[in-house]
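The values are calculated or read from the model by the stated rules, or taken from the named source; none is laboratory data. In this text the structure is predicted, and so the values were computed from the model without any measurement. Methodologically, a virtual Cβ is constructed for each residue, glycine included, from the backbone with ideal geometry; neighbour enumeration extends over all protein chains shown. We work out accessible area using only protein heavy atoms, side chains counted, and drop any ligands, DNA or RNA first. Shrake-Rupley method; radii C 1.70, N 1.55, O 1.52, S 1.80 Å.
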Amino acid sequence: MTVDISLLLFLVCLIGILGMVLLVMLYGYITASLRSTALRQKVDALGFHYESYNLLQHILPGIKQTEKARELLAEPHLFPLFALGEPHRRQIYNLISGIYQGVNFLLFDHVWYGVGKAKPRSGKGARQTVLRLELPHGSLPGFCFRPGSKPVFYRFLPGFTEISLESTHPLASRYWLQGDNPEQVRAIFNDEVLEWLAKADWLSVEGRGEFLFIYRRPHLMPAHQMETFLQQGVQLLQLIEKQGS
């Protein structure tokens, strides 16, 4: 019996491709499981609340997310971070909540996937750990302050415009700022805040109403850095609140 060499090669290639896909999915699942366990242990040690989720979410994006995650992702018209990428592929997981130094917070991993010019450089989605802090007093104008020039994938939110800072601080030219009230936003990002951010390792900052968002793109915070990240966030929140007092 003769064997069709071309068919045999096709089957070998197909099996190899399927094997690689399964290995990548398995690696993603194991990595997510280890991260989830490490975060849960840290959360228990600090006395915060960890919201469980389905780990299959990492290999099957269509898995239904938790109610709190869906609530956050339902605000793409409010915060630029949540407006990025394809709506049906945005995800939030490893959601942690609590009170730190008198400030209510949410800490979570966020991922988005895009197409065309909106596609993250890795092609695998952009992932970052996001800290949302609730202002004890006052309210913030809408703004987004990110390292670098205007991203090619970016879309302005309704009412947001690009804002130039009237400052000679070196950071002013290395960040991109946009918001809904230029005068109020410029008042927030004065030289004192810019100097703090210059030492903060390329943080991105978003704000609106009672909430301040802090993250690095793309960067997932290791579990052992949780308390440091919280400290950093509360420091920035207090500094920004001072500008409006």
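With 27 Å as the cut-off, how large is the P(r) tail for the chain, expressed as percent of Cα-Cα pairs? Kindly include the intermediate steps, with their values, before the conclusion.
Working: 12376 of 29890 pairs.
So the pairs more than 27 Å apart make up 41 percent of the total in the chain.
Which of the listed residues, LEU8, TYR215, PHE82, is farthest toward the dipole's positive end in the chain, when Lys, Arg count +1 and Asp, Glu count -1 at the beta-carbon?
LEU8
Under 13 Å from the 7 Å Cα→Cβ point of HIS88, by amide nitrogen: which residues of segment 38-79?
61-63
Taking the Cβ of GLN128 as the centre, find all other residues whose Cβ is under 9 Å away and add up their charges (Lys, Arg: +1; Asp, Glu: -1). Please report the intermediate quantities before stating the final value.
Values: positive: ARG127, ARG216, ARG217; negative: ASP109.
Local net charge: +2.
Can you show me the helix-derived [θ] at 222 nm for the chain, built from DSSP H runs with n ≥ 4 at -39,500 (n - 2.57) apiece and divided by the number of residues, rounded to the nearest 500. It would help to have the intermediate numbers written out before the result.
Numbers: 5 runs with 83 residues, N = 245.
Using -39500 (n - 2.57) per qualifying helix, the result is -11500 deg cm²/dmol.
Can you tell me the length gained on complete extension of the stretch SER139 to ALA200, counting 0.36 nm per residue apart and subtracting the Cα distance? Could you put the intermediate results ahead of the total?
Details: separation 61, 0.36 × 61 = 21.96 nm, distance 2.34 nm.
Using 0.36 nm per residue and subtracting the Cα-Cα distance, I get 19.6 nm.
Provide, for the chain, the number of lysine pairs with alpha carbons under 22 Å apart, each pair being eight or more places apart or on different chains.
Details: LYS42/LYS68; LYS64/LYS124; LYS117/LYS150; LYS119/LYS150; LYS124/LYS150; LYS150/LYS199; LYS199/LYS242.
Here the count comes out as 7.
If I model a spin label at GLN235 and GLN101 as a point 7 Å from the Cα along the Cα→Cβ vector, what separation in nanometres do I get?
0.8 nm
Taking a probe of 1.4 angstrom, what is the accessible area of GLU162 in Å², to the nearest 10?
GLU162 has an accessible surface of roughly 110 Å² with all protein chains in place.
Please determine, in degrees from 0 to 90 and to the nearest 10, the orientation of helix 5-46 with respect to the longest principal axis defined by the Cα atoms of the chain, where the helix direction is its Cα long axis.
Between the helix axis and the principal axis of the chain, the angle is about 40 degrees.
At 20 °C and 1.002 mPa s, what whole-number value in µm²/s does Stokes-Einstein give for the translational diffusion of segment 183-235, with Rh from the Kirkwood sum over Cα pairs?
Working: Rh = 12.4 Å.
For the chosen part, D equals 173 µm²/s.
For segment 162-176, in order, what is each residue's ³J(HN,Hα) by Karplus, 6.51 cos²θ - 1.76 cosθ + 1.60 with θ = phi - 60°, in whole Hz (x at glycine and Pro)?
Per-residue couplings from phi come out as 5, 10, 9, 7, 8, 8, 9, 4, x, 5, 4, 8, 9, 10, 10 Hz.
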